[in-house]
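The values are calculated or read from the model by the stated rules, or taken from the named source; none is laboratory data. Here the structure is a predicted model, which is why all the values come from computation and not from measurement. Cβ sites come from the backbone with ideal geometry, for glycine too, and all protein chains shown count toward neighbours. To get the accessible areas, we keep the full protein, side chains included, count just its heavy atoms, and leave off ligands, DNA and RNA. Shrake-Rupley method; radii C 1.70, N 1.55, O 1.52, S 1.80 Å.
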Amino acid sequence: MNYQDTVNWMFKQLPMYQNQGKSAFKKDLSNTILLANHLENPEHKFKSIHVAGTNGKGSTSHMLASVLQEAGYKVGLYTSPHLKDFRERIKINGKEVSKQFVIGFIKRNTSFLENQQLSFFEMTVGMAFDYFAKQKVDIAVIEVGLGGRLDSTNIITPEVSVITNIGFDHTQFLGNTYEAIAKEKAGIIKPKIPIVIGETQEETKTVFEETAKNNNSKIYFADQLINDNYSSDLKGSYQKHNKKAVVQTLRVLRDLDFNISEENIITGLQNVVKNTGLKGRWQLLQKEPKVICDTAHNKEGLKYVFEQLQRENYSALHIVFGVVNDKDVSTILPLMPKDAAYYFCKPNVPRGLDTDILKQQFLDFGIKGESYSSVNMALNSAKSNASSDDLIYVGGSTFVVAEIV
């Protein structure tokens, strides 16, 4: 199999949350542990940082990797989902895993993967850990896929764990209260391993404090401890919370004898995109008319995005918007600007919500718009309708953004 055949096999062979949603979600770690044993436990062969949270875990992971690279470390970075190419999920010092490694890993382990019926995510985690171990990274930043307690990544014992915040997303797996979701995320807190919480939230604070206490883990609420305001090339207003979580995590690593200077932090935060290749976070795609995209896809994330849009200067606002079919649109409708022109689209994944359904949900809320059969058609229509001093925002789902970056 060539690279594309290999990736197609991974996508088709087994449940994949990106495409299928709930049916791809596994309820325990037994498969991941079996795979790790089969691979001779690569997760024990490198140091790591574990990053969970409803929003901001991807940005936080990339910022941490960028600073650690500036400090001279060989840094693995595991994130999900990818936007364009599967290999974006697995990087070392910003460079994607080679096609040959992906092909070779699947080839070497095909019979085991088939016999155990591993999910797409489980085999991807195994591949990443195997790669980081073989490449002898100094440290790897590992982003949780979904939740925490039962996530495939949760077989590592990191130097420090990070939980950015808690919001309502994937409630069909994680529960429908802040407290229930926090308990799932708190499942990454390990005995005597420090835990950094990005945002102090009244509904979740006690959950984290109790879990940390039960594990003899020192807990740090970053927003209460970090007062410095570092600049970053990630321009979303919501990054202010993520930056505090990053800086507090780096201070914990310093206490663990990692050599990270203030200059490394400043330079690392200002060069996240250059160092790691991160895309889709308040990303400026063109200037006239200004086109901005962002992967925010739930109430908490979109709240910051629309607040920031209001601070932009423009004559008229155009919104290209699409979501996946397990999204509770009613929670985000009150946030949507009433004075914008809307272009509804369906992201090109099986989970994409049909545009006519999305259009009707908005219409029931008093917001009119037009439907388009693809993201690019919607964006092209917005561009042709917009004057040079208008603003076009593209978002609603990671998979909408994936089609235009």
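The Rg/Rh ratio of the stretch 115-156, with Rg taken over Cα atoms and Rh as the Kirkwood radius over Cα pairs, comes to 0.98.
Please report the relative contact order for the chain, taking Cα pairs under 8 Å with a sequence separation of at least 6, and give it as a percent rounded to a whole number. Let's see the in-between values first.
Values: 803 pairs, mean separation 69.1, N = 405.
Contact order relative to length: 17 percent.
Here the gap between Asp326 and Leu83, fully extended at 0.36 nm per residue and compared with their Cα-Cα distance, gives a gain of 85.6 nm.
Dipole of the chain (Lys/Arg Cβ +1, Asp/Glu Cβ -1, origin at the Cα centre): which of Leu34, Thr79, Gln308 lies farthest to the positive side? Toward the positive end, the furthest listed residue is Leu34. The convex hull defined by the C-alpha atoms of the stretch 183-223 has an orientation-averaged projected area of 2.4 nm².
Inter-label distance, Asn227 to Tyr314: 3.7 nm, where each label sits 7 Å from its Cα along the C-beta direction. Here the stretch 57-214 has 43 percent of its accessible surface on carbon and sulfur atoms, given a 1.4 Å probe and all protein chains in place. The mean accessible area for residues of the chain, using a 1.4 Å probe and ignoring ligands and nucleic acids, is 41 Å² per residue.
Could you sort Lys45, Lys346 by accessible area so the largest value comes first, with the probe set to 1.4 Å?
Greatest to least solvent exposure: Lys45, Lys346.
Each of the peptides 227-235, 203-211, 113-121, 240-248 was scored by the mean count of other Cβ atoms within 10 Å over its residues; in descending order, highest first, they stand as 240-248, 113-121, 203-211, 227-235.
All C-alpha pair distances within the stretch 282-364, sorted into 5 Å bins from zero, spread as 3, 13, 25, 27, 19, 11, 3, 0 percent across the bins. Restriction of the trypsin sites (Lys or Arg not before Pro) in the stretch 332-405 to DSSP coil positions whose beta-carbon has at most 16 other beta-carbons within 10 angstrom yields Lys338, Lys368. Around Thr157, under 10 Å between beta carbons, what's the net of Lys plus Arg minus Asp minus Glu among the other residues? Surrounding charge for Thr157 is +1.
Between Asn214 and Thr177, the C-beta separation translates, for a Förster distance of 22 Å, into a calculated FRET efficiency of about 0.65. Solvent-accessible surface of protein heavy atoms, probed at 1.4 angstrom with all chains present, puts Asp294, Asp326, Asp255 in the order Asp255, Asp326, Asp294, largest first. Ligands, DNA and RNA excluded, the heavy atoms of Tyr131 present near 30 Å² of accessible surface to a 1.4 Å solvent probe. Taking all Cα pairs closer than 8 Å and separated by 6 or more residues, the relative contact order of the stretch 190-262 comes to 36 percent. All other residues whose Cβ lies under 11 angstrom from that of Asp390 are scored, Lys and Arg at +1 and Asp and Glu at -1, for a net of -1.
Taking all C-alpha pairs of the stretch 73-117, those more than 13 Å from each other amount to 63 percent.
Over every pair of different alpha-carbon atoms in the chain, take the mean of 1/r and invert it; report that Kirkwood radius in Å. The partial results should precede the final answer.
Numbers: mean 1/r = 0.0461 Å⁻¹.
For the chain, the Kirkwood estimate is 21.7 Å.
Using alpha carbons only, the radius of gyration of the stretch 93-212 set against its Kirkwood radius gives Rg/Rh = 1.03. Annotation for the stretch 102-195: trypsin sites (Lys or Arg not before Pro) lying in DSSP loop with at most 13 further Cβ atoms inside 10 Å of their Cβ are Lys136, Lys192.
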